[in-house]
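Here the structure is laid out as structure tokens; the discussion comes afterwards.
The values are calculated or read from the model by the stated rules, or taken from the named source; none is laboratory data. The structure presented is a predicted model; accordingly, all values stated were derived computationally and were not measured. Glycine gets a Cβ as well: all are built from the backbone with ideal geometry, and neighbour counts include every protein chain shown.
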Amino acid sequence: MIDYKKSMLFQRLIIKTSFLDKIGVLFVWILGSTALISMSLSMLIGSLKFNWFNDSATEIILAQIISFSIFLFVMAGLIINNNLIRVKITSNENPRDVVKNSLKLFNERIIHRDNEKELVLSINSGPFAYNRHLIALFENQYVYLNCRTYARGDLISPVHWVVHKRIINKLIKEINTRQPNKRP
């Protein structure tokens, strides 16, 4: 369940969860943020301690750069995945109708939740879009969009954030083309 009030307040998608789930997410954040860095540092320290650094300095430095780049990409995905993108509906139409008509560009879609404040649906946006959800929250003439891909169970995939950005930009472009009538 989406916590609508907090999501609107913080401009981030906030899901209602239990205390144990919050502790689990905190544990995963701590583990994920320290694991890659500690492995990278232990590899560097081990290579210096056992004098491997002189033999394979370029490979060690390259491995450090690659592992740090992967770490930054995953952490950016975890942070960006909850952002809500605000779109102003300038036409005289109902924002919900504008969004629903714009969603026709995605071939297959299954609506999971459709009420006054939110619209959650599964979309098929490509060959590797196994469990991708598009979320639209409505507030007056504004629509707040979020896209997320679930990996195993209900874990959000941190590596699909580039695709999510592309999908939301495509949807915003479609929304903007469908609202020629401006509000007075």
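Within the bounds of segment 106-117, is there any residue that is modelled with pLDDT of 85 or more and outside any strand (DSSP E or B)? Within segment 106-117, one or more residues are modelled with pLDDT of 85 or more and outside any strand (DSSP E or B).
Listed here are the residues, each with its yes/no results for (1) in contact (Cβ under 8 Å) with a residue 12 or more places away in the chain; (2) farther than 19 Å from His160 by Cα; (3) crowded, with 16+ Cβ neighbours inside 10 Å; (4) of a type in the set (Lys, Arg).
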{"site": "Ala35", "(1), (2), (3), (4)": "no, yes, no, no"}
{"site": "Ser40", "(1), (2), (3), (4)": "yes, yes, yes, no"}
{"site": "Ser56", "(1), (2), (3), (4)": "no, yes, no, no"}
{"site": "Leu62", "(1), (2), (3), (4)": "no, yes, no, no"}
{"site": "Asn83", "(1), (2), (3), (4)": "yes, no, yes, no"}
{"site": "Pro95", "(1), (2), (3), (4)": "yes, yes, yes, no"}
{"site": "Val99", "(1), (2), (3), (4)": "yes, yes, yes, no"}
{"site": "Ser102", "(1), (2), (3), (4)": "yes, yes, yes, no"}
{"site": "His112", "(1), (2), (3), (4)": "yes, yes, no, no"}
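Of note, Ile168 satisfies the criterion of being modelled with pLDDT of 85 or more and of a type outside the set (D, E, K, R). Residue count for segment 1-33, restricted to those that are surrounded by fewer than 14 Cβ atoms within 10 Å (Cβ to Cβ), over 26 Å from Asn115 (Cβ atoms) and not hydrophobic (A, V, I, L, M, F, W, C): 1.
Taking interchain pairs and intrachain pairs at least six residues apart, which have beta carbon atoms under 8 angstrom, with the first residue in segment 156-178 and among the charged types (D, E, K, R) and the second assigned to a helix (DSSP H, G or I)? Qualifying pairs under 8 Å: Lys165/Ile80; Lys170/Leu105; Glu174/Ser102; Glu174/Leu105; Arg178/Val98; Arg178/Asn101; Arg178/Ser102. Residues in segment 64-74 that are surrounded by 13 or more Cβ atoms within 10 Å (Cβ to Cβ) and free of Cβ contacts under 8 Å to residues at least 60 places away in the same chain: Gln64, Ser67, Phe68, Ile70, Phe71.
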